[in-house]
Amino acid sequence: MTAFDASHEGAIARDEADPLAGFADRFHRSDELYLDGNSLGSLSTDAHRTLERVIDEWRELGIRGWTDGDPPWFRYGEYLGDRLAPLLGVDGDEVVAANATTVNIHTLVGTFLDTIDGRPTVLIDELNFPTDGYAVRAQLRQRGFDPDDRLVTVESDDGRTIDEDDVVAALETNDVDLLLLPSVLYRSGQLLDIERIATAAADEGTICGFDLAHSIGVVPHDLSNVDFAVWCSYKYLNAGPGAIAGLYVNERHFGTQPALAGWWGHEKDTQFAMRPTYTPANTAAAWQIGTIPMLSAAPLEGALDIVTEAGIDAIREKSLDLTAYLIALVDEQLDDSFTIGTPRERARRGGHVAIEHPHAERLAAALAARDAVVDFRPPNVVRVCPAPLYTSYADVREFVVTLAEIAESGAYERFDPDGTVT
């Protein structure tokens, strides 16, 4: 077995052998060491190009852009859905770019709650991003149910991860009607076994939904046995701050009345007949609500050009190699006060790594002062994301070297938790 090479030369050798290395040249990069793509991906020249094209169309075509844009704005959400579908392993009609992530949780959870007779039981987990729980509880309250009575919450044994055995056991013992879980836990980076959970849910007759915010664009998916999913596009899809979100609805649910009806979800052929009766599209496009925000949707088109060209399987392979390299460097270069909170098994890891330390907040502030951009998640996590389309192995090594210098010198002790220097 070849010994692990932690040298600068070893990192350069890895970069020279990287088939995706050239994609970094298509991203705008500052002098910062940017390792926060799990929160906001970097701007690419491709995303910039398609945004500029739509601005030019607005300037030159005005309202005619809805019909004469290339592609026409009127069906742009569906066009982007077709582009997104291969990342999810589903058909284009089952996917649409629409709304915001939390809005999509509201409309899809609400839609499926309305199909349940009697008092629904909903399964969530205790480690999911807060907005998911907020939305589920709100949808239960709006239907007259006390969330404390109707929620089954899968707890974590270690405060980092969710055991799929516990999810399956909860499904088998609680007569669950609907579940909403993350694909990747936002703090620890654990990748859940979607296929196993979806199969167990189907066996129990449970409607199965996932929030893919921390996996789409970096993990290939097969959602064919999943009922619905939501995601944002500003992390690994690199579509920009607040970019349009997306949703998936399995075709077996086409024709179900959306909980939040809006004119943009109307069937396209008669949308401008302005009929008082809502006729939803017979695709996932029915869950669109308001007019597509073209200036927050256009960058996704160019961003998808890069993802499609690179290939989601190659992106996943490099992501796993980068995070494995990061974990190995932490093990070798940092002392025992640092631990890895992310599963080490490749199949259980998403695209970022949780480095745990008692003074994580101060460390994150000290890193920022040295132009190394990561983020802190309470109580003790520095999240580090080597985004595979624009992060090099040399970047990862430089980050760990910088972190080691900060820790060994005690430089982080000069920072208050709010980032100010004392």
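The values are calculated or read from the model by the stated rules, or taken from the named source; none is laboratory data. Quick caveat: nothing in here was measured; it's all calculated off a predicted structure. Methodologically, a virtual Cβ is constructed for each residue, glycine included, from the backbone with ideal geometry; neighbour enumeration extends over all protein chains shown. Areas reflect the complete protein model, heavy atoms only, side chains present, ligands, DNA and RNA absent. Shrake-Rupley method; radii C 1.70, N 1.55, O 1.52, S 1.80 Å.
Here Leu363, Leu389, Leu367 are screened, and the one residue that is free of Cβ contacts under 8 Å to residues at least 40 places away in the same chain and crowded, with 23+ Cβ neighbours inside 10 Å is Leu367.
Note on the range 93-105: among residues that are under 19 Å from the mean Cα position of the chain (by Cα) and open to solvent by 10 Å² or more (accessible area, probe 1.4 Å), the one that is farthest from Leu140 (Cα to Cα) is Glu94. Taken as a whole, the condition of being open to solvent by 40 Å² or more (accessible area, probe 1.4 Å) and part of a helix (DSSP H, G or I) does not apply to Arg160.
The requirement of being of a type outside the set (Lys, Arg), open to solvent by 40 Å² or more (accessible area, probe 1.4 Å) and in contact (Cβ under 8 Å) with a residue 24 or more places away in the chain is satisfied by Ile12. State whether one or more residues within the range 106-127 are within 30 Å of Tyr76 (Cα to Cα) and open to solvent by 50 Å² or more (accessible area, probe 1.4 Å). Checked the range 106-127: at least one residue is within 30 Å of Tyr76 (Cα to Cα) and open to solvent by 50 Å² or more (accessible area, probe 1.4 Å). For the range 266-280, the count of residues that are acidic (Asp, Glu), farther than 16 Å from Leu80 by Cβ and in a loop (DSSP other than H, G, I, E, B) is at least one. Exactly one residue out of Leu237, Leu260, Leu223 is touching a His at 6+ places or on another chain (Cβ under 8 Å), part of a loop (DSSP other than H, G, I, E, B) and touching a residue at least 12 places away in the same chain (Cβ under 8 Å), and it is Leu260. For the range 127-159, residues that are of a type in the set (D, E, K, R) and within 18 Å of the chain's Cα centre (by Cα) total 1. When the range 1-25 is filtered for residues that are at pLDDT 95 or above and touching a Leu at 6+ places or on another chain (Cβ under 8 Å), the ones remaining, listed by number, are Leu20, Phe23, Ala24.
If the condition is being in contact with a helix residue (DSSP H, G or I) (Cβ under 8 Å, 6 or more places away or on another chain) and either open to solvent by 30 Å² or more (accessible area, probe 1.4 Å) or acidic (Asp, Glu) (or both), then the range 281-308 contributes Thr283, Ile289, Gly290, Thr291, Leu295, Glu301, Asp305, Thr308.
Annotation: of all residues in the range 15-43 being assigned to a loop (DSSP other than H, G, I, E, B) and touching a Ser or Thr at 6+ places or on another chain (Cβ under 8 Å), the one that is surrounded by the fewest Cβ atoms within 10 Å (Cβ to Cβ) is His28. When Leu140, Leu123, Leu108 are checked against the criterion of being modelled with pLDDT of 95 or more, not hydroxyl-bearing (Ser, Thr, Tyr) and not in a helix (DSSP H, G or I), a single residue qualifies: Leu123.
Contact annotation: residue pairs with Cβ atoms under 9 Å, 6 or more positions apart or on different chains, pairing a residue in the range 302-313 that is farther than 15 Å from Pro19 by Cα and charged (D, E, K, R) with a partner that is assigned to a helix (DSSP H, G or I) and open to solvent by 20 Å² or more (accessible area, probe 1.4 Å), are Asp305/Arg49; Asp305/Arg83. Figure legend. Inter-residue proximity from the range 393-422: first residues modelled with pLDDT under 95, second residues open to solvent by less than 70 Å² (accessible area, probe 1.4 Å) and aromatic (Phe, Trp, Tyr), beta-carbon distance below 9 Å, spacing 6+ or different chains. Indicated pairs: Pro417/Phe376; Val421/Phe415; Thr422/Phe415. Suppose the filter is touching a helix residue (DSSP H, G or I) at 6+ places or on another chain (Cβ under 8 Å) and surrounded by 18 or more Cβ atoms within 10 Å (Cβ to Cβ); does Leu185 pass it? Judged against the criteria, Leu185 is not a match. Residues considered: Arg49, Arg141, Arg59, Arg75. Of these, the only one that is out of contact with any Leu (no Cβ under 6 Å at 6 or more places or on another chain), within 28 Å of Ser224 (Cα to Cα) and open to solvent by 40 Å² or more (accessible area, probe 1.4 Å) is Arg75.
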